[in-house]
Amino acid sequence: MKLLDVWHKLRGASGFDGGVVLDMHKQTAASPIVDCPLPSVLIHPLKQHIGASCKSLVHVGDTVLRGQKIGKSQGYISAPVHAGTSGRVVRIEEHTVPHPSGLGMPCIFIEADGEDRAVAVGPKLHHWSMEEPAVLRERVRLAGITGLGGAGFPTYVKLLKDQRSPIHTVIINGIECEPWLTHDHRMLCEQSDTMVQGLMLLLHMVGAKRGVIAIEDNKPDAIAAMQEAIEAWYAASEHQKALKLSVQALPTRYPQGSEKQLIQAITGHEVPAGKLPMHIGVLCQNVGSTYAIYQAVTHGHALTERVITVSGDALPKPANMRVRLGTPMRFVFAQCGLEVFDDIQIIHGGPMMGERLKNAEAPVVKATTGLLAMQRDVLLAEHQVEEPCIRCGHCSDVCPVRLVPNLMADFSRQGDFEKAEEYQLFDCIECGCCSNVCPSHIPLVHYFRYGKGQLAQIRKEKSFAEASRQRSEQRAGRMEQEKSEKAARRSRVRAQAKPAVTEDKDA
Amino acid sequence: MESIIYAVLALGGLALLAGITLAIATRVFHVEGNPIADQVDALLPQTQCGQCGYPGCRPYADAVAGDEAEVNHCVPGGERTMLAIAELMGVEPKEVEEEATQPMVAFVREDECIGCTLCIKACPVDAIIGAPKHYHTVIADHCTGCNLCLEPCPVDCIDMLIKPELLEHWSWPLPNTQRAQQGRERRSQHEAA
Amino acid sequence: MMIHISPPHQHGGDSIRATMLSVMIALLPATLCAVWLFGWLAVWQIMTCMGVCMLGEWVALRMMARPSRLSDGSAALTGLLLALTLPALVPWWMTVCGSLFAIILGKQLYGGLGYNPFNPALSARVILLISFPLAMTSWLLPAATMPAAVDLYDVTTTLTLFFGGVESLGLTLDGMTAATPLGYIKTDAMQGIAVAASLQAHDYSYFNAFVGNEGGSLGETSALALLIGGILMLARGTIRWHIPVTYIATVAVLAAIFHAVDADRFAPPLFHVLAGGLLLCAFFMATDPVSSPMTVQGHIVFGIGCGLLTWVIRTWGGYPEGAMFAVLLMNCTVPLIDQYCRPRVYGHR
Amino acid sequence: MTEFATILLSAVLVNNYVLSKFLGICPFLGVSGRTETAIGMSFAVMFVMTLASTASWLVQQFVLIPLGLEYLQTIFFILIIAALVQFVEMVIHKSSPVLYQGLGIYLPLITTNCAVLGVALLNVQQDYNFFSSALYGFGAALGFSLVLILFSGLRERMAHAPVPTAFKGSPITLITAGMMSLAFLGFSGLVKI
């Protein structure tokens, strides 16, 4: 195995294993970010992150301000939800959310009053370098920031300063390896100074010395803009030479932007299985998250808006938009000239990892990276007839995690989930490379999701059965005890010649 | 004649030797208990519903391990449990007699409950709480949906409800391709054959 | 009822048919070379094999009420591969039997494309070899060295040969056939003749072996054509380099070591690499995706195993050529290789 | 040295018990469904066969020949093998209940495994000395194990293949065994005895 590692290192110019080169379709790469107008009603789902769901803090009829907390986080891994604009709570009910199941969840509906009055989550901290990292981290938590790259992991959890594994490198993930999406690209070009400031802020919060801005080499303008911004920063602040900031251009290859793969490409280390990047001293933040963190700290803004790419081959006017969270997708599409959705498939996110949505009613949430309106007939699934696997091995060639996808999918299909797990099913990052290259059009990722779901189900049933058994055994023991006590009492009663009547009653 | 005696003696002697060796080995390599019953019990869903005809999961596990019961009597466990037990026991899988329906949970209509505690006594997993003459309530998270509380209730105030489908509990179904379905069918055919 | 469809929604455009087509294109040089060497006879053999294979597949799938898979080209490829491993002079009915073995026994009985544990073409080839040892080891002389009486570029002559056998032309096998280099060094070795002497006695030249002007199966003789095809497949990414390279390298290294120890008994490495079906097996048989391992590590193990077995059987075995047996034997080990040769998963030690 | 290598190679590859002598087909087909079971069976057979060939050699040399009882060879050998198998069964039951469960009926069936009796009888026939017979027994078992394990891998892979209904189960298994046998023919002539 060691020899193999050497081989991987030698080959390591491109950084991570596997991966594919895709058609990028970055039509909106040159379109500046525009503001999406405010809709009349905003819809805020009570869970927009990985972790525990939020509890509503408002009632129907309440008036709220922009940035006011309306959903209280429960549990450690969670993030609060804030009102997107000022107005009145009109409904709290189930509504469809961007989720592949098409099921709904409780949402807070806010009717905008048009004034858009805002409230901050805290005072403006322009001199954040004087503040304690813990204070800043608390600010990030209050602002409800989650990873804006699509996964939605609560950001403040990642900013924890751990003595056992101090963070030495902060990576700003400007890779944006999904086709069609360009919002991070535009942010890097338009907000390069803020990005450098945000990176400084992150370095300060975790006490790291090295900051890297990773950008794929298909965005030369973003690379140039960031380099310029960093040079300008070095020129402006003589005294902070101890910090090493750099822009790293990486070859364009999907899934370069996946956190684990990016860390491997930049540091050469792998994140151990079941651990987080912080355990090897790395913090990775998305471009959008960095911007949101900076805004939260310096201006006290809660996370109420984000930049998304609205694109797709069925969209008349694709754009990069700053959208208020909670805006219904139909409204966003209408801004881009799309009103009728016949034969059009909406994808929430990019084409490689995004989900197909049933309709355009769901709102934009924190994890929305982009909205694609695609012609149905160009999508893979529409003409996908699953053929037998010819074991060509392309799937394991392109797997960035070095799995053997076709065998795992086979085990999942046959219902042999334990075997699939033995082949490290849970290490799959569902990047979709394997499905993308499969000559037999096998929906491998779907099989993995199915397998993971079934395994989780089996596990849940197992633990439920175990708990039931314990309760049942306790009950059996208790009844046994009661029985023997009763018997003992009865024999005692019989032994005494003429027992008192009251005693009998007790028994 | 002599050769017959030799033959008998030699064969008898060797047989005796083998017998003694085996007798000693039986002592040395004696296996205690029946670890199989524990393994079977671990596979059962522990609903304690008694639909198998045994008063709970452990008794059924003992019966299966002792070859006294077939592997296909666990209704709530369904096909998956049957296959797992059959594989453990190394026997041919058998069709499950009744397929379990959707997961259910008991619910007490509190305004009708008279507080008789009969259901509390019937519940095999202590999932119903309440005091005499007070409303009883089912702890939904503990309920195994075994139906055992329905029978004793004198006023029929217990309903079995389908567990609602929640977004958090949703999981991906098998892909909708023909091959995926065929794969599952083949699997079950293979197990059954 | 909602149909759930998982990402990705974008596909790279690869397909089974494209893969099969790519292999067939890579076989084109070897096929043309076979036609150049053996004239129309090669054409009849190849057409029979491909036709019968496709027909067999169509009938088999029809009988099992399964959708036809002819359009993906896998049956045609199997036929072509089988034809290239056959001696040119095999009678037509053996060719037909072999093709049916390949498709029905080797492939459809296992469940069709993707499920056959053994390479269909090779298993049919071995069945034929064991059933008809004489016919399968009578190697027709290439057209260039053929006696004038037999014109392999003549349609009627070759048709008569193909359907009626040598006897129908009033000839005997002796005048038209020659042993393969592997064959004569083996027979000579049994009589104690040194390798070099044996090669010299049979006018062996590396150049002829390289371009293919020597006795052998239809498509296995020309190292040049096979190399062109192999490189084409490597360049197009149809196969990975690990199996052919480790396979050939193992044979070469073993041969070099033993040749250095005893040059009289063991043939030189280059001879081994150019001789027999090694290159055909290394590039086209051992790399058959269905019957070879999945992972890179597996490929390396598989290639080394094939090389080792090929050389051992050639050198010490009863058969002069071991390549196809070696690949078939290694096919047996593929499930185990798949199970034990998996790459280290990201983040695991 | 060369002689020992020849015996071993011949027993493992060239004259493989399963694929060229067609001995031991019962466990070969019966226990090859799963690789783990096959590996367990392999160890059991290796143990039994090596011991059986040595024990039978000893009995042949020191009991049967001196007493002139060669005609009782078969019954003596079966007695020894039966006792050995019983012993192995107890050891496995104690040390690995899972393997014991997996081997199931095939463990006692080693008794009637013709390969074991075959190795004992062939040893006598070929006039091997003590070490040669031990080696031959071990080699034959090694060959059996090699083929059994390879075959179990193939069968695991075939288990879920859409084999035509008429060929499901034993037919395709036997065809595969035949194909393996063909492949092993490649070794013929490897060792000249």
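Taking the criterion of being more than 13 Å from residue A:186 (Cα to Cα) and buried (at least 18 other Cβ atoms within 10 Å of the Cβ), the residues of the range A:219-234 that qualify are A:229, A:230, A:233. For the range D:177-186, the count of residues that are within 30 Å of residue C:118 (Cα to Cα), of a type outside the set (Val, Ile, Thr), free of Cβ contacts under 8 Å to residues at least 60 places away in the same chain and surrounded by fewer than 17 Cβ atoms within 10 Å (Cβ to Cβ) is at least one.
For the range A:129-151, the set of residues classified as assigned to a loop (DSSP other than H, G, I, E, B) and among the charged types (D, E, K, R) consists of A:131, A:132, listed by residue number. Evaluation of residue B:106 against the conditions (1) within 14 Å of chain A (Cβ to nearest Cβ); (2) in contact with a helix residue (DSSP H, G or I) (Cβ under 9 Å, 6 or more places away or on another chain); (3) part of a loop (DSSP other than H, G, I, E, B); (4) farther than 27 Å from residue B:62 by Cα shows that the sole unmet condition is (3).
Would you mind stating whether residue A:108 is without any contact (Cβ under 8 Å) to a residue 60 or more places away in the chain, away from every other protein chain (no Cβ under 14 Å) and in a strand (DSSP E or B)? It is false that residue A:108 is without any contact (Cβ under 8 Å) to a residue 60 or more places away in the chain, away from every other protein chain (no Cβ under 14 Å) and in a strand (DSSP E or B). Taken over the range C:306-348, residues that are within 7 Å of chain D (Cβ to nearest Cβ), farther than 23 Å from residue C:296 by Cβ and β-branched (Val, Ile, Thr) amount to 1. Of the strands (runs of 3 or more DSSP E) lying entirely inside the range A:290-356, none contains at least 1 residues that are modelled with pLDDT under 90, more than 14 Å from every other protein chain (Cβ to nearest Cβ) and touching a Leu at 6+ places or on another chain (Cβ under 8 Å). Here residue A:362 meets the list (1) surrounded by 21 or more Cβ atoms within 10 Å (Cβ to Cβ); (2) in contact with a Leu (Cβ under 6 Å, 6 or more places away or on another chain); (3) farther than 29 Å from residue B:179 by Cα almost entirely, failing just condition (2). Checking each residue in the range C:7-30 for being facing chain A (nearest Cβ under 7 Å) and not in a helix (DSSP H, G or I) picks out C:7, C:8, C:9, C:10, C:11, C:12, C:14, C:15.
The condition (being touching a Ser or Thr at 6+ places or on another chain (Cβ under 6 Å), away from chain D (no Cβ under 11 Å) and without any contact (Cβ under 8 Å) to a residue 40 or more places away in the chain) is satisfied by just one residue among B:116, B:74, B:57: B:74. Taken together, A:121, A:140 contain a single residue that is surrounded by 20 or more Cβ atoms within 10 Å (Cβ to Cβ), at pLDDT below 90, under 17 Å from residue A:296 (Cβ atoms) and under 26 Å from the mean Cα position of the chain (by Cα), which is A:121. Yes or no: the range C:283-296 includes at least one residue that is of a type in the set (Val, Ile, Thr), within 14 Å of another protein chain (Cβ to nearest Cβ) and in contact (Cβ under 8 Å) with a residue 60 or more places away in the chain. Within the range C:283-296, one or more residues are of a type in the set (Val, Ile, Thr), within 14 Å of another protein chain (Cβ to nearest Cβ) and in contact (Cβ under 8 Å) with a residue 60 or more places away in the chain.
Remark: residue A:195 falls outside the filter, which requires a residue to be under 23 Å from the mean Cα position of the chain (by Cα), among the aliphatic types (A, V, I, L, M), over 30 Å from residue A:30 (Cβ atoms) and not in a loop (DSSP other than H, G, I, E, B). Could you tell me whether the range D:142-151 includes any residue that is away from chain C (no Cβ under 14 Å), assigned to a helix (DSSP H, G or I) and buried (at least 20 other Cβ atoms within 10 Å of the Cβ)? Yes, that holds for at least one residue.
The residues on offer are C:298, C:322, C:307, C:318, and the sole one that is surrounded by 24 or more Cβ atoms within 10 Å (Cβ to Cβ) and modelled with pLDDT under 90 is C:322. One residue stands out among those in the range B:1-44 that are within 9 Å of chain D (Cβ to nearest Cβ) and outside any helix (DSSP H, G or I): the one that is surrounded by the most Cβ atoms within 10 Å (Cβ to Cβ), which is B:29. Residues that are assigned to a loop (DSSP other than H, G, I, E, B) and closer than 30 Å to residue A:353 by Cβ were ranked within the range A:86-105; the one that is farthest from the other protein chains (Cβ to nearest Cβ) is A:98. Here residue B:58 clears all of (1) outside any helix (DSSP H, G or I); (2) within 9 Å of the chain's Cα centre (by Cα); (3) not small (Gly, Ala, Ser) except the condition numbered (1). Do we have any residue at all in the range C:337-344 that's part of a loop (DSSP other than H, G, I, E, B), free of Cβ contacts under 8 Å to residues at least 40 places away in the same chain and not assigned by TED's automatic domain parsing to the domain that holds residue C:191? Among the residues of the range C:337-344, at least one is part of a loop (DSSP other than H, G, I, E, B), free of Cβ contacts under 8 Å to residues at least 40 places away in the same chain and not assigned by TED's automatic domain parsing to the domain that holds residue C:191, which makes the answer yes. Only one of these conditions is not met by residue A:259: (1) away from chain C (no Cβ under 14 Å); (2) modelled with pLDDT of 90 or more; (3) in contact with a strand residue (DSSP E or B) (Cβ under 8 Å, 6 or more places away or on another chain). Which number is it? Going through the list (1) away from chain C (no Cβ under 14 Å); (2) modelled with pLDDT of 90 or more; (3) in contact with a strand residue (DSSP E or B) (Cβ under 8 Å, 6 or more places away or on another chain), residue A:259 breaks only (1). Of the candidates C:42, C:83, the single residue that is more than 25 Å from residue C:108 (Cβ to Cβ), away from every other protein chain (no Cβ under 14 Å) and crowded, with 24+ Cβ neighbours inside 10 Å is C:42.
Within the range A:424-462, the set of residues being in a helix (DSSP H, G or I) and of a type in the set (Asp, Glu) comprises A:427, A:461. Considering (1) within 12 Å of chain C (Cβ to nearest Cβ); (2) in contact (Cβ under 8 Å) with a residue 40 or more places away in the chain; (3) crowded, with 24+ Cβ neighbours inside 10 Å, the lone condition that residue A:403 does not fulfil carries the number (2).
Of C:70, C:105, C:113, which residue is without any contact (Cβ under 8 Å) to a residue 24 or more places away in the chain, within 14 Å of chain A (Cβ to nearest Cβ) and of a type in the set (A, V, I, L, M)? When all the criteria are applied, what remains is C:70. Within the range A:408-452, the only residue that satisfies the criterion of being touching a Phe, Trp or Tyr at 6+ places or on another chain (Cβ under 6 Å) and within 7 Å of chain C (Cβ to nearest Cβ) is A:449.
Of all residues in the range C:18-30, those that are under 17 Å from residue C:282 (Cβ atoms) and in contact (Cβ under 8 Å) with a residue 60 or more places away in the chain have Cβ atoms under 8 Å from Cβ atoms of residues that are of a type in the set (Phe, Trp, Tyr) and in a helix (DSSP H, G or I), 6 or more apart or on another chain, in C:23/C:284; C:26/C:283; C:26/C:284; C:27/C:284.
Exactly one residue out of B:145, B:90, B:77, B:130 is small (Gly, Ala, Ser) and loosely packed, with under 14 Cβ neighbours inside 10 Å: that is B:90.
The values are calculated or read from the model by the stated rules, or taken from the named source; none is laboratory data. What you see is a predicted model, and the numbers here were worked out from it, not measured in a lab. Cβ sites come from the backbone with ideal geometry, for glycine too, and all protein chains shown count toward neighbours.
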